[in-house]
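Engineer: There's a structure below that I have some questions on.
The values are calculated or read from the model by the stated rules, or taken from the named source; none is laboratory data. The structure displayed is predicted, hence computed values, not measured ones. Glycine also receives a Cβ, built like all others from the backbone with ideal geometry; neighbour counts cover every protein chain displayed.
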Amino acid sequence: MPDTQVPDVQVPDAQVPDVQVIGPREVPLGGIRAMTVRRTLPHRDRSFVGAWCFVDHYGPDHVGSGSGGMDVAPHPHTGLQTVSWLFDGEIEHRDSGGAHGLVRPGEVNLMTAGAGIAHSEVSTPATRTLHGVQLWVALPADALGAPRGFEHWAVPVDELPGGAGTARVFVGTLPGLGSSPVTVHTPLVGAQLDLVPGARMQVPVDPTHEHALLVDRGRVQFEGVSLERGDLGCVEAGAAELRIVAAGDAPVRALLLGGAPFEEEIVMWWNFVGRSHEDIATARADWEAGSARFGVVPGYAGPVTRIPAPALPGVRLRPRGRRGRH
């Protein structure tokens, strides 16, 4: 096996994109059984990669008898899609659109909130380790009123050239590698890459997309820049290939996210995405009033029936664009 001193990929300077490295910050999540996640998006200097607007990376967390795990009571969403992807464990999903399903490793669950949906997320009794990511996609203005939706797809494994490893494309398309049938409203890609130690990849991508690599396991050289576990490395649109090196003596697991630059401004607060302070205030009031806008989540058996919305801040919520808040 190669040693840990793997050199950067050498290419002409004009072809090397600048890599913006966003380190994770630990954020405690609420709920009956609290858990801590590593969050990279949104960041004060970057709101989106394509329309990906939220990246939470968690685990591996031990789930013991009566402790740990996930138990998130019914809570609302607007203006976004959630993409749930697991490396280990199992989560039961229920929503007010009537969907009931399990999130398992290698199987993508995509939920569309549109104007309003509520859902719950609970790790199953069989789960001993919980490890994965929770991703959000901002809906464009013309899809904000989209109906509630839920899609599940078991993602096939595609072999990477030269025995470098495997890819699982769970959203969109990676040229020559794989495609996903789940519904998105802007051009996007999401894929898990598993690389053998020392592997050197030139991953074909859509040059009109910007991209980011989230490292879950191992050490990576991404376009010549070192990324550690939990780091998100972001590059702008323009490249038709992205150079990735598994730089240590251990396998690498990473998520490649990308999409057409999302030029709309959004207001994102708590679990809501809108276009103005008033959008968010109305969504909060509707949730607190038990409005039919969000519906009821059937079958959730936790000790509370819903998560109440926090109080709005005492100032107007400001919109954020691609480069963060105004």
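Engineer: Taking the stated definitions as given, is G116 without any contact (Cβ under 8 Å) to a residue 40 or more places away in the chain and closer than 20 Å to D286 by Cα? Break it down into steps so the answer makes sense when it comes.
Structural biologist: On the way: without any contact (Cβ under 8 Å) to a residue 40 or more places away in the chain: no; closer than 20 Å to D286 by Cα: yes.
No; evaluated as a whole, the condition is false for this residue.
Engineer: Related question: Would you call G314 out of contact with any helix residue (DSSP H, G or I) (no Cβ under 6 Å at 6 or more places or on another chain), surrounded by fewer than 15 Cβ atoms within 10 Å (Cβ to Cβ) and modelled with pLDDT of 95 or more?
Structural biologist: On the way: out of contact with any helix residue (DSSP H, G or I) (no Cβ under 6 Å at 6 or more places or on another chain): yes; surrounded by fewer than 15 Cβ atoms within 10 Å (Cβ to Cβ): yes; modelled with pLDDT of 95 or more: yes.
Criteria met by G314.
Engineer: May I pose another question? For the range 93-118, which positions are surrounded by 20 or more Cβ atoms within 10 Å (Cβ to Cβ), over 15 Å from the mean Cα position of the chain (by Cα) and in a strand (DSSP E or B)?
Structural biologist: H93, R94, D95, I117, A118
Engineer: Name the one entry in E241, E210, E223 that is surrounded by fewer than 18 Cβ atoms within 10 Å (Cβ to Cβ) and more than 30 Å from A99 (Cβ to Cβ).
Structural biologist: Exactly one residue qualifies, and that residue is E241.
Engineer: Of the residues E288, E241, E278, only one is at pLDDT 95 or above and within 23 Å of the chain's Cα centre (by Cα); which?
Structural biologist: That would be E241, the only listed residue that is at pLDDT 95 or above and within 23 Å of the chain's Cα centre (by Cα).
Engineer: Considering every residue within the range 222-234, establish whether at least one is assigned to a loop (DSSP other than H, G, I, E, B) and under 22 Å from P161 (Cβ atoms).
Structural biologist: yes
Engineer: When the range 283-302 is examined, which residues are found to be touching a Phe, Trp or Tyr at 6+ places or on another chain (Cβ under 9 Å) and not in a helix (DSSP H, G or I)? Break it down stepwise before answering.
Structural biologist: We begin by selecting, within the range 283-302, every residue touching a Phe, Trp or Tyr at 6+ places or on another chain (Cβ under 9 Å); these are 283-284, 286-287, 293-294.
The answer is R293, F294.
Engineer: Pick out the one residue from L102, L135 that is within 27 Å of H43 (Cβ to Cβ) and touching a strand residue (DSSP E or B) at 6+ places or on another chain (Cβ under 9 Å).
Structural biologist: L135
Engineer: Please specify each residue of the range 251-281 satisfying the condition of being free of Cβ contacts under 8 Å to residues at least 40 places away in the same chain, under 17 Å from I307 (Cα atoms) and surrounded by fewer than 21 Cβ atoms within 10 Å (Cβ to Cβ).
Structural biologist: Correct list: A281 only.
Engineer: Quick one: A254 ticks every box in (1) in a strand (DSSP E or B); (2) on the phi > 0 side of the Ramachandran plot; (3) small (G, A, S) except a single one, so which number is it?
Structural biologist: Exception for A254: condition (2).
Engineer: Let me ask something else. Just checking, how many residues over the range 167-187 are surrounded by 17 or more Cβ atoms within 10 Å (Cβ to Cβ), part of a strand (DSSP E or B) and either in contact (Cβ under 8 Å) with a residue 24 or more places away in the chain or not β-branched (V, I, T) (or both)?
Structural biologist: Counting residues in the range 167-187 that are surrounded by 17 or more Cβ atoms within 10 Å (Cβ to Cβ), part of a strand (DSSP E or B) and either in contact (Cβ under 8 Å) with a residue 24 or more places away in the chain or not β-branched (V, I, T) (or both) gives 7.
Engineer: Select from the range 1-28 the residues that are outside any loop (DSSP other than H, G, I, E, B) and either at pLDDT below 75 or in contact with a helix residue (DSSP H, G or I) (Cβ under 8 Å, 6 or more places away or on another chain) (or both) and write down the one among them that is surrounded by the most Cβ atoms within 10 Å (Cβ to Cβ).
Structural biologist: Residue satisfying both the conditions and the ranking: Q15.
Engineer: Filter the range 188-201 for residues that are over 21 Å from G149 (Cα atoms) and in a strand (DSSP E or B) and give the result.
Structural biologist: A191, Q192, L193, D194, L195, R200, M201
Engineer: Which one is farthest from D56 (Cα to Cα), of the residues in the range 202-217 that are under 19 Å from the mean Cα position of the chain (by Cα) and assigned to a loop (DSSP other than H, G, I, E, B)?
Structural biologist: If we take residues in the range 202-217 being under 19 Å from the mean Cα position of the chain (by Cα) and assigned to a loop (DSSP other than H, G, I, E, B), then V205 is farthest from D56 (Cα to Cα).
Engineer: So, one more: If I ask for residues that are surrounded by fewer than 20 Cβ atoms within 10 Å (Cβ to Cβ) and under 15 Å from the mean Cα position of the chain (by Cα), which ones from the range 119-135 would you list?
Structural biologist: Matches in the range 119-135: H131 only.
Engineer: Now, a different point. Which residue, of A289, A239, A247, A281, is small (G, A, S) and either within 19 Å of V55 (Cα to Cα) or in contact with a Lys or Arg (Cβ under 8 Å, 6 or more places away or on another chain) (or both)?
Structural biologist: A247
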